[in-house]
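Chemist: Have a look at this one before I ask anything.
Coordinate-derived values only; no laboratory data. No experiment lies behind these values; they were computed from the predicted model shown. Cβ sites come from the backbone with ideal geometry, for glycine too, and all protein chains shown count toward neighbours.
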Amino acid sequence: MKQKKSWYEKDKAYVWHHMKPYQKDGHAMVVKEAQGAWITDIEDNKYLDAMSGLWCVNAGYGRKELVEAASQQLAAMPFYPLTNSHTPAIELAEKLREWLAGSYRIVYANSGSEANETAFKIARQFHRQHGNPHKYKIISRYRSYHGSTLATLAATGQAQRKYLYEPLPEGFIHVRAPDSYRKPEGFDDKAWNLACAQVMEDAILFERPETVAAVIMEPIITGGGILIPHESYVKQVEKVCRKHDVLLIIDEVICGFGRTGKKFGFLHYGIKPDIVTMAKGITSGYLPLAATAVREELYESFQQTGENDHFRHVNTFGGNPAACKLAVRNLELMEQENLCQRAEEKGAAIKKALMKLFDHPHVGDVRQKGLLIGIELVKDKDTKEPVDDSYSTEVVQACKKHGLIAGKNADTVSGYSNIINIAPPLSLTDDDAAFIS
Ligand code: PLP
């Protein structure tokens, strides 16, 4: 017991946790090991991790194949920068192009934030290469999250994460994302989604198309409340972007790698993004790695002479050989075990079981795509007023008492901190799925 106590004491004394207020009383959970979909804390309590760490351990914990791939690569060649190249980076780029079902050029980084920063830089330089130096603005949606660095925070549409760090870089515009559960009266889902796509076009027009470089969006808003758009919205946004020569950046940091039941979330919607950003599930969270996939035609326009002859960007650790090798193995393993299909099937089964929750007076909506599930809690089903943050916190704590780690979104400024998130490893067993249900 003395040893356990000292971990808690040292943690409180030395570690600055992400996204948590200082805890005067109590302590954080300290985890020591993990296997499959389950984690074990230092008191030997076991929990089903229905958040896959932080939406990333898609292939599950304890996969020896992944550990071996990384350790063999570390022994063979632990590091080489991508100012030149190395074989694991090439191998992974080839595999990612297969997964993306298109011709994309891969730029590596270490985190989702960096992948999105890279996308913004490429979009701006691309327009310069084409003689449009004033096309620099990025449009994103309220309730979205795109990262923790200053520019990606500027793109993020969640005020509570931003206001303490303002002023943020300028040139980031936000519009409303369709939230089908809260559509205004008189609209059906498709009409509401198309109205929101029109809002996107209006923003481009009001800002003037010659100043807008790109739109960035997740196929499904994840951390901001699991907002699943109607197919017509995503297609219409793509059309609007093409019409106004605005690049479409799709943020697949959470939606990618099988989470929504397909290899990438955008594949549900029949669109062809200009840039796709990814991280988290690319290595199932085992090592840091991220990628910005850029449509080949865009890359080609960087093949010029003079000052525009290359992308002036470097990232020392981006595309680390061991991380790339592990990622290749991770994608192979996901293919061998049909994990995308498993996400689709298990997600649908869990959603079916969760429909019983609708009998509860505070459950307003249950949304699901693959193993991305959101349960929206409201004070009153008619008014749809969100429950207070303390209520959803209690729900998450109650889940933990019963051995389940669930998440919740944290938008305490807008009041939307009322959505409980379930996103377990795609490799979960049938018993795990039954446990969640
Ligand atoms: N984009 C989305 C949609 C995310 O959910 C996140 C992180 O949760 C990021 C970008 C940023 O990724 P990272 O935390 O790896 O920088």
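Chemist: Considering amide H positions built from the backbone, and no H for Pro or chain starts, which residues 5 or more places from GLY36, or on another chain, come under 5 Å of its amide H?
Modeler: Residues meeting the amide H criterion: TYR61, GLY62.
Chemist: What ranking, highest mean first, results for peptides 33-42, 211-220, 49-58, 338-347 when packing means the other Cβ atoms within 10 Å averaged over each residue? Each step should come with its number before you reach the end.
Modeler: Details: 33-42: 17.4, 211-220: 25.1, 49-58: 23.2, 338-347: 20.9.
Result, highest mean first: 211-220, 49-58, 338-347, 33-42.
Chemist: Let's test this: bin the Cα-Cα distances of the stretch 98-189 at 10 Å from zero up to the farthest pair and state each bin's percent.
Modeler: Bin by bin from 0 Å, the calculated values are 14, 35, 33, 16, 2.
Chemist: Please report, in Å, the Rg and the Dmax of the stretch 1-98, where both are computed over Cα atoms only.
Modeler: 18.6, 52
Chemist: Rounded to whole Å and sorted largest first, what semi-axes of the equivalent ellipsoid does the C-alpha gyration tensor of the stretch 188-229 yield via the square root of 5 times each eigenvalue?
Modeler: On the way: eigenvalues 97, 45, 8 Å².
Each semi-axis is √(5λ); the values are 22, 15, 6 Å.
Chemist: Residue by residue, what Karplus-based ³J(HN,Hα) values in Hz, rounded to whole numbers, does the stretch 142-158 have, using 6.51, -1.76 and 1.60 with θ = phi - 60° and x for Gly and Pro?
Modeler: So the Karplus estimates, Gly and Pro as x, are 4, 6, 7, 10, 10, x, 9, 7, 4, 6, 6, 5, 4, 6, 4, x, 10 Hz.
Chemist: Mind checking the stretch 37-102 for GluC sites (Glu not before Pro) that DSSP puts in a loop (not H, G, I, E or B) and that have at most 12 other Cβ atoms within 10 Å? Display every interim value, and only then the final one.
Modeler: On the way: sites: GLU43, GLU65, GLU68, GLU91, GLU94, GLU98; in loops: GLU43.
Those that pass, being in a loop and sparsely packed, are GLU43.
Chemist: Another question about this same structure. Does the stretch 264-317 come out rounded, prolate or oblate by the C-alpha gyration tensor, with a ≥ b ≥ c the root eigenvalues, rounded set by a/c under 1.5 and, if not, prolate when a/b is larger than b/c and oblate if not? Don't jump to the answer; show the numbers that get you there.
Modeler: On the way: a/c = 5.16, a/b = 1.34, b/c = 3.83.
Taking the square roots of the gyration eigenvalues as a ≥ b ≥ c, the stretch 264-317 is oblate.
Chemist: Something else about it: Restricting to Cα pairs below 8 Å that are 6+ residues apart, what does the relative contact order work out to for the stretch 191-246? Please round to a whole percent. Walk me through the numbers on the way to the answer.
Modeler: Numbers: 36 pairs, mean separation 28.3, N = 56.
Once divided by the residue count of the stretch 191-246, the mean separation gives 51 percent.
Chemist: For the stretch 208-357, what is the convex hull volume of the alpha-carbon atoms per residue, in Å³? Each step should come with its number before you reach the end.
Modeler: Details: hull volume 23.2 nm³, N = 150.
Cα convex hull per residue, to the nearest whole number: 155 Å³.
Chemist: How many angstrom lie between the Cα centre of the stretch 100-120 and the Cα centre of the stretch 34-65?
Modeler: Answer, in whole Å: 27.
Chemist: Given q = 0.16, 0.25 Å⁻¹, what are the Debye log10 I(q)/I(0) values for the stretch 345-437, with equal point scatterers placed on the Cα positions and solvent ignored?
Modeler: Here the Debye-derived log intensity ratios amount to -0.63, -1.38.
Chemist: For the stretch 372-400 and the stretch 345-361, what is the separation of their C-alpha centers, rounded to whole Å?
Modeler: Centre-to-centre distance over Cα atoms comes out at 15 Å.
Chemist: For the chain, with the dipole built from +1 on Lys and Arg beta-carbon atoms and -1 on Asp and Glu ones, taken about the Cα centre, which of PHE264, MET19, LEU153 lies farthest toward the positive end?
Modeler: Sorting the options by dipole projection puts first MET19.
Chemist: Calculate, axis by axis, the spread of Cα positions in the chain along the three principal axes, and write the results as whole Å, longest axis first.
Modeler: Ordered largest first, the chain gives principal extents of 66, 63, 42 Å.
Chemist: Alpha carbons only, please: Rg and Dmax for the stretch 164-283, in angstrom.
Modeler: Radius of gyration, then largest Cα-Cα span, for the stretch 164-283: 14.6, 44 Å.
Chemist: For the chain, what does the helix formula give at 222 nm: sum of -39500 (n - 2.57) over DSSP H segments with n ≥ 4, over the residue count, nearest 500 deg cm²/dmol? If you can, show how the numbers build up before the last one.
Modeler: Details: 14 runs with 161 residues, N = 437.
Only helices count here, giving -11500 deg cm²/dmol.
Chemist: Give LYS64/LYS280; LYS235/LYS351; LYS190/LYS263; LYS46/LYS379; LYS32/LYS263; LYS356/LYS379 a once-over and call out the pairs whose C-alpha atoms are over 22 Å from each other. Let's see the in-between values first.
Modeler: Values: LYS64/LYS280 19 Å; LYS235/LYS351 26 Å; LYS190/LYS263 25 Å; LYS46/LYS379 32 Å; LYS32/LYS263 31 Å; LYS356/LYS379 18 Å.
Check vs 22 Å cut-off fails for LYS235/LYS351; LYS190/LYS263; LYS46/LYS379; LYS32/LYS263.
Chemist: Could you tally the net charge around GLU394, taking each other residue with its Cβ under 13 Å from the Cβ of GLU394, Lys/Arg +1 and Asp/Glu -1? Spell out each step's value before the answer.
Modeler: Working: positive: LYS400, LYS401, LYS408; negative: ASP388, ASP389.
For residues surrounding GLU394, the net value is +1.
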